[in-house]
Amino acid sequence: MSQQVNLHEIPPRRRLVEIHQKLVRVRSLRTLRSRVCEYLQCGGSEVKEFHYKINGHDWKGIIYLKRNNLMGSIFSLFDNKVFIIRGFPKIRYTSNSRVRDRVCVAEEKVDGTNIGIWAFPDGSIMGKTRMVERWDKGSKRAKEYGSWKRKFAHVPCHSRIYKLAREGFLVYVELYGYHNSGEFVKYTTPMAYKVIGIVNLETYHFLPRPRVEQLCSAYNLEVVPVYYKGTLTAKEVRKMEVDLEQEMALDGMEGLVAKYWDEKDKDSYFCKIKCDRIKEVCWKISRSLIPAAMIRKCIKKALDENLGETRIEIIYPVVVEELTEDFDEAILETSQGKIKGLIRYMTTPSDVVLKARVVEVMKKMKALDVDIENPKKKGEVLSGLHDKLGDIGGGTLFKLYNEVLLEMKGKW
């Protein structure tokens, strides 16, 4: 595929179909990786290889780690037949999404763990989390006893999900409750799930809401409720952001996910909506159970393997892969900000260099039509800076954010 092609102008479902076609006669993991990476214009730490023997079957492939609308997708061969699992997308805010100004439904955003569940061609059930290809392995210490599969087995009526999966669907659920606590919402139930999306494994598209409701009703599954139906204008988004302030309560909502069905692409597109308070909390979160010394050790190893590299988006997946040996994904998820912050500090330790990175990120956000000068967008901007730069303590991020904002306004 020519590098001149703007890959992201190709609808995600079509990309998966085209990759499937390129893998039909492939038999080796090396060739599979080469063809997928050539098409997706990626490589290195943006993908991770795996090779397992499961129930007498051979499963090998790669999981795509780049944070975009195909994040977490699995490209594999199951007994030498192409087997692709579409990842749950990295969801953007409305200001940078094709859902804006479209007729959509806005669903509850549950504060838990994203899990995808499917059946292999032999009927056996497998699942994945956002960045890990199989759910039946816990950390190096906990092993299968600490796996997400074991946790999900405690959810009432979980076998109904398995029945639906065996009909040729990839079922995405959010696992939540006080035994799997999130960051923003406290729940009174010990462990539960809600269906947040269903993918047709044959065509790779996310089903529209009416079809999801139909399947969930037929299999007696709980699906996330709809909060809003209509055109997602800027006015409606702002109204929902204000209303969501009231949902920061016990058994409340983290936010909303708006979904738009594109009849031309035959696929669903997502964006997220959160209140300003949660947006600001998002970038402040630094709670972690991973000691800084262990993170620094993994960063050093990643830097040794990628000499001269300073980009967080390149170093971060390598560090996470190292840490996965000792920590499960729940801890890794809550440590994201701390890991990125330490990477940033070890590669660009001075405030002068850091400020240049803040300027770079804010300019990119402005180019994507984010109104960075609007005080009401402060939470969104700070959340975006945190996502790119990680934790920055001592009020430094506020200071640099305000300095850059004043300079952009010509008042500094």
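Rule-based calculations on the coordinates, nothing more; no lab input. Note that the structure is a prediction, hence the values are computed from the model and not measured. Quick reminder, even Gly has a Cβ in these numbers, built from the backbone with ideal geometry, and neighbours come from all protein chains shown.
With the Cα gyration tensor of segment 1-87 giving a ≥ b ≥ c as the square roots of its eigenvalues, does the rule (a/c under 1.5 for rounded; else a/b larger than b/c for prolate; else oblate) give rounded, prolate or oblate?
Cα axes put segment 1-87 in the prolate bin.
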Extreme residue, positive dipole direction of the chain, given options Thr310, Leu244, Ser268 (C-beta unit charges): Thr310
Net dipole in debye of segment 1-87 [+1 Lys, Arg Cβ; -1 Asp, Glu Cβ; about Cα centre; nearest 20]: 120 debye
Partner lysines for Lys235 [C-alpha distance under 16 Å; skip if fewer than 8 residues away on the same chain]: Lys272, Lys274, Lys376, Lys377
Assigned charges on the beta-carbon of Lys, Arg, Asp, Glu; segment 203-270 dipole about Cα centre (debye): 340 debye
Eligible aspartates and glutamates near Lys300 by straight Cα distance, threshold 14 Å, same-chain separation 8 or greater: Glu309, Glu321, Glu322
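Based on other C-beta atoms within 10 Å, arrange Phe152, Phe78 from fewest to most.
So the residues, fewest neighbours to most, are Phe78, Phe152.
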Listed candidates (i) 21.1, 67; (ii) 21.8, 80; (iii) 20.9, 85 - label of the one calculated as Rg and Dmax of the Cα atoms in Å: (i)
Charged-residue dipole, Cβ positions (Lys, Arg, Asp, Glu), the chain about Cα centre, Debye nearest 20: 500 debye
³J(HN,Hα) computed for each position of segment 201-207 - Karplus, 6.51 cos²θ - 1.76 cosθ + 1.60, integer Hz, glycine/proline x: 5, 7, 9, 6, 9, 6, 5
Phi to ³J(HN,Hα) by Karplus 6.51 cos²θ - 1.76 cosθ + 1.60 over segment 100-106, Hz, x for Gly, Pro: 4, 6, 10, 6, 8, 10, 10
18 Å Cα-Cα threshold exceeded, pairs from Lys128/Lys301; Lys297/Lys338; Lys355/Lys409; Lys128/Lys297; Lys229/Lys264; Lys355/Lys399: Lys128/Lys301; Lys128/Lys297; Lys229/Lys264
Selection of GluC sites (Glu not before Pro), segment 155-247, meeting DSSP coil and at most 10 other Cβ within 10 Å: Glu202
Derived scalar couplings ³J(HN,Hα) [segment 229-244; Karplus, 6.51 cos²θ - 1.76 cosθ + 1.60; whole Hz; x for Gly, Pro]: 10, x, 7, 8, 7, 4, 5, 5, 4, 5, 4, 5, 4, 5, 4, 5
Peptides ranked, highest mean first, by Cβ atoms within 10 Å: ranges 17-23, 123-129, 337-343: 337-343, 123-129, 17-23
Neighbour-count order for Met248, Met362, fewest beta carbons within 10 angstrom listed first: Met248, Met362
Pairs of Lys in segment 1-87 closer than 20 Å at Cα, counting only those 8 or more apart or on different chains: 8
